[in-house]
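Here is the structure we will look at, set down as structure tokens.
The values are calculated or read from the model by the stated rules, or taken from the named source; none is laboratory data. A quick note: this is a predicted structure, and the numbers were derived from the prediction, not measured. Please note: Cβ atoms are built from the backbone with ideal geometry, for glycine as well, and neighbour counts cover all protein chains shown. Only protein heavy atoms, including side chains, enter the accessible area calculation; ligands, DNA and RNA are left aside. Shrake-Rupley method; radii C 1.70, N 1.55, O 1.52, S 1.80 Å.
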Amino acid sequence: MTKRTCLYNEHIKLNAKMVDFAGWEMPVQYTSIIEEHNNVRKNAGLFDVSHMGEIFISGKDALNFLQTLFPQDISGLELNKARYCQFTNTKGGIVDDLFVYKLKEEYYLLVVNASRLDDDYNWLKQNKSDFSVIIDNKSDIYSMIALQGPKAADILDSIGIKKENQPRTMYIKEYALAGEKAYISRTGYTGEDGFEIIIRNEKACELWNLLLDKGKQYKILPIGLGARDTLRLEAAMSLYGNELNETTSPIEASLVWSIDKNKKENYIGKDIIQNQLEHGVKRKLIAFKMLDRAIARHEYEIYSKNEKAGYVTSGGFAPFLGANIGLGYVDTDKNLKIDDTIQVMVRNKLYNAQITTKNFIKKHNRGN
Amino acid sequence: MVARESIFCSKSHEYVYEKDGAYYIGLTDFAIEQLGDIVFVELPEIGSHYGKGEIFGTVESVKAASELYMPISGKILEINEQLIDKPELLNEKEFDEIWLLKVSSEYYDVDCNDLMDYNTYKKEVE
């Protein structure tokens, strides 16, 4: 049976087209994916991301426990700071990618993918061993609303959280919202400035409607999962299940920037990841832009000089860029570099594409 | 507007109607609504022949690619060229004003047998 978020009725009232996503009945679009996408780039958008998981880790070994789970070293993580991490398995593959927030000493919030929540929770319990920690999955009592776009800070200001009190980029803060404790982090999945708000279920509708109402003057729109996907692709961000899975390592996924190469502590998969850092990997995630008129899609084949070189993990039309773009894995022995031409097999024909940097769009609206 | 009783639709959501001895093939309003924003249309070569049920092209929305099937057999006389650069016209115009193909067909009456008239089709999909 599919689950519904607390905002389900609001989506129906807003005429959303609903689809099944990771066992949840979610809005895929309200009006048009292109219109919603561009509105987040130009103004602001509101997303129901309540399907995402919130797991709290506490106890005297919280830090030591978490340190065994990912290639990121969070021992120096500042209070109220966020860090993008990946749980790695013994083969160096990715169990999930997540945000870790340090709320207090030995008290962390993990925000994980909806599709991976059960696996993550089991993974944490399985690897708890003798650590003195409490693994508290609070996903069922919290809703999550993302407010994204260049006007996001103005809108948050208009509901009483003044700009000077807002969290800085990659920080989280606790507030009283609608008379209830809420966490607001300045993070997101769009490539824009914005916030993710974690609030108890019973207050979610009130906050959602308040943001839509006060946001009107800033041209806010509700945004479905369709545009969430095109926004993250245009920002060249990975999606678990497409770019990332249990067989892809953070090195292959071009996430080296996110890890700590010299992390002292042992973590699951460390030997493999260290080996990959030293000796390289067989395939690597690249970004590309179609040169010919064709759209690359998930699982289409990538060719280089008429030989198969890899496959597309995500592809599609990028509304703000007005181009067809994609992400995909290519074999490293093909020695492909930025600006090189590759081909994508679309309906049994090869079409040219060009490898690009992962800056399809400049992060033009970053917050302070 | 094309008279609704002269529009016939396939289960794969293409329509066909006859006008001045030629046959016009397009996508139904239901299909366009389901696809959402259309960003790419690929159409066949003029002069080529297609059998009923054969794939003649592709339409892609932001989310996915869908193949297009011939509702009748025929020879391609014309394609709607403006869709190559402006696929979004499919979303913007009335479905019966924006055909994809103009074809000639010798077996229209036979090919039409298993198509639904527009009203029946609308009841079927809604």
Between region A:47-115 and region A:298-346, the alpha-carbon center distance in angstrom: 31
Please give me, ordered by residue number, the GluC sites (Glu not before Pro) of region A:260-326 that lie in loop per DSSP and have at most 16 other Cβ atoms within 10 Å. A:Glu265, A:Glu299
Average other protein chain Cβ within 10 Å of Cβ, residues B:61-68: 5
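Give me the compactness ratio for region A:54-137, meaning the Cα radius of gyration over 2.2 N^0.38 Å.
0.97
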How much length is gained on full extension from A:Ile159 to A:Tyr107, taking 0.36 nm per residue of separation minus their Cα-Cα distance? 15.9 nm
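Within a 10 angstrom radius of each residue's Cβ in A:291-298, how many Cβ atoms of other chains show up on average? Whole number is fine.
3
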Do any GluC sites (Glu not before Pro) in region A:73-138 lie in a loop, going by DSSP, with at most 11 other beta-carbon atoms within 10 Å of their beta carbon, and if so which? A:Glu78, A:Glu105
Using only Cα atoms, what is the ratio of the radius of gyration of region A:282-368 to 2.2 N^0.38 Å? 1.07
Show me the three semi-axes of the equivalent ellipsoid for chain A, from the C-alpha gyration tensor (sqrt of 5 times each eigenvalue), largest first, rounded to whole Å. 32, 28, 18
If you stretched the chain out fully between B:Ile46 and B:Glu78, how much longer would it get, using 0.36 nm times the residue separation minus the C-alpha to C-alpha distance? 10.9 nm
Cα radius of gyration and Dmax for region B:4-109 (Å): 12.6, 37
Once A:Asp130, B:Asp37 are ranked on solvent-accessible area with the largest value leading and a 1.4 Å probe, the list reads A:Asp130, B:Asp37
Spacing of the two label points (7 Å from each Cα toward its C-beta) at A:Thr68 and A:Glu180, in nm: 3.5
Accessible surface of region A:294-368, 1.4 Å probe, proportion on carbon and sulfur as whole %: 44
Report the accessible area of A:Ser32, computed with a 1.4 Å probe over the heavy atoms of all protein chains in place, in Å² rounded to the nearest 10. 20
At 7 Å along the Cα-to-beta-carbon direction for both A:Asn89 and B:Asp117, put a label point, then send me their distance in nm to one decimal. 5.8
When the accessible area of region A:1-128 is computed with all protein chains present and a 1.4 Å probe, what percentage of it is carbon and sulfur? 48
Would any residue of region A:270-309 have its amide N under 18 Å from a label point 7 Å out along Cα→Cβ of A:Asp339? List them or say none. A:287-291
To the nearest Å², the heavy-atom accessible area per residue of the protein assembly as shown with 1.4 Å probe amounts to 44
Could you work out the relative contact order of region B:32-126, using alpha carbon pairs under 8 angstrom and six or more residues apart, expressed as a whole percent? 27
Once you keep just the Cα pairs under 8 angstrom separated by 6 or more residues, what percentage relative contact order results for region B:1-42? 25
So for A:Cys85, A:Cys6, what's the accessible-area order with a 1.4 Å probe, most first? A:Cys6, A:Cys85
